[in-house]
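In what follows, a structure is listed as structure tokens, so that the remarks can point back to it.
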Amino acid sequence: MKVSVFGDSIAKGIIYDNEKRRYTYLKESFINMIQQNSTIEIDNFSCFGGTVTKGDIMLHKVEDQLAEYEYTFLEYGGNDCDYNWAKVAENPDLDHECNTPINLFKDKYRTLIDRIKATGSKPILVTLPPIDSIRFFNWVSKGLNKKNILKFLGDVEHIARWQAMFNDAVKHLSDIYKLPLLDIRTTFFKQKRITDFLCEDGIHPNKDGHKLIYNVIATKANLAPIIA
């Protein structure tokens with residue numbers, strides 16, 4: 001079986017390495033674990049900072065190849081709902097737009113689904129892993145005016161509520177199109193301490209988080225589970 005993946009840094013297998021103090025590729029990413037534990041061939045077209053807009057650009061480049069893939073996974077939303085925090089910190093009273101406003105996000109996601117379906121490949125949507133608002137707030141506000149960012153947000157937990165709205169949009173699209181939904185978010189919520197599975201930045205799954213994602217897929221695809 002051949003599958004393609006379009007998504008952001010999570011699907012790309014990027015984590016924040018505390019020792020190296022930088023973002024790096026995880027050798028034991030969930031994509032790599034799938035390839036190591038199955039005969040599934042995966043072409044990963046994900047990229048760091050990926051949004052539905054970047055996904056559209058990438059799809060244009062490889063659209064004529066998509067018929068080769070039985071399934072195409074779509075994993076977007078985490079960067080779409082993000083803001084330019086430096087601009088927010090400069091003037092918190094402005095009505096700042098996130099990278100992809102929610103209605104545009106839905107429209108562009110629909111376009112991706114329609115174009116993939118037209119090639120004969122079957123889309124599978126992926127939910128967003130939960131975000132830790134406090135970690136993420138401390139991460140994005142480094143070197144910036146934290147009081148101004150908090151003034152814009154109203155409260156720190158607005159970050160998680162805002163991200164959840166984009167996740168709900170993905171779930172709604174799966175319902176509308178009657179598409180399979182790979183619900184990794186619920187698996188994270190079932191853990192006693194979600195922070196144990198997230199990087200210091202509060203948004204990227206760490207090595208253990210990638211094991212969680214892999215095990216969700218392993219259950220669906222009858223692959224051998226990874227014991228944490």
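Values in this text are rule-based calculations from the coordinates and carry no lab data. Just so we're clear, the structure is a prediction, and the values are computed from it rather than from any experiment. Don't worry about glycine lacking a Cβ; one is built from the backbone with ideal geometry, like all the others, and counts go over all protein chains shown.
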- Here are several values of Cα Rg over 2.2 N^0.38 Å: [x] 1.01; [y] 1.45; [z] 1.08. Which one was derived from the coordinates shown? [x]
- Given pairs LYS12/LYS146; LYS54/LYS178; LYS2/LYS207; LYS151/LYS178; LYS54/LYS146; LYS12/LYS220 and cut-off 32 Å on Cα-Cα distance, the over-length ones are LYS151/LYS178
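Which of the chymotrypsin sites (Phe, Trp or Tyr not before Pro) found in segment 16-53 are in a DSSP loop and have at most 16 neighbouring Cβ atoms, other than their own, within 10 Å?
Those satisfying the criteria are PHE48.
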- Taking DSSP loops as anything outside H, G, I, E and B, show the longest stretch in the chain free of trypsin sites (Lys or Arg not before Pro) there with at most 11 other beta carbons within 10 Å. 28-141
- Item | Contour excess over end-to-end distance, with Cα ends at ASN138 and GLU157 and 0.36 nm allotted per residue | 5.6 nm
- Message: Under 5 Å between amide hydrogens, which residues at least 5 positions from TYR23 or on another chain qualify, with H placed 1.01 Å from N in the peptide plane?
- Response: ASP17
- With each label point set 7 Å from Cα along the Cα-Cβ vector, what nm distance links ILE40 and ALA221? 0.2
- Could I have the simple spin-label model distance between GLU63 and THR186, label points 7 Å from Cα toward Cβ, reported in nm to one decimal? 3.4
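Once the Cβ-Cβ distance between LEU150 and LYS171 is put in as r, and R0 is 35 Å, what FRET efficiency do you end up with, to the nearest 0.05?
Plugging the Cβ-Cβ distance into 1/(1 + (r/R0)^6) gives 0.75.
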- Task: Rounded to the nearest 500, what is the 222 nm mean residue ellipticity of the chain from helices alone, with -39500 (n - 2.57) per DSSP H run of 4+ residues and division by all residues?
- Result: -13500 deg cm²/dmol
- Sparse-neighbourhood loop sites, GluC sites (Glu not before Pro) in segment 1-92 - DSSP loop, at most 11 other Cβ within 10 angstrom: GLU19
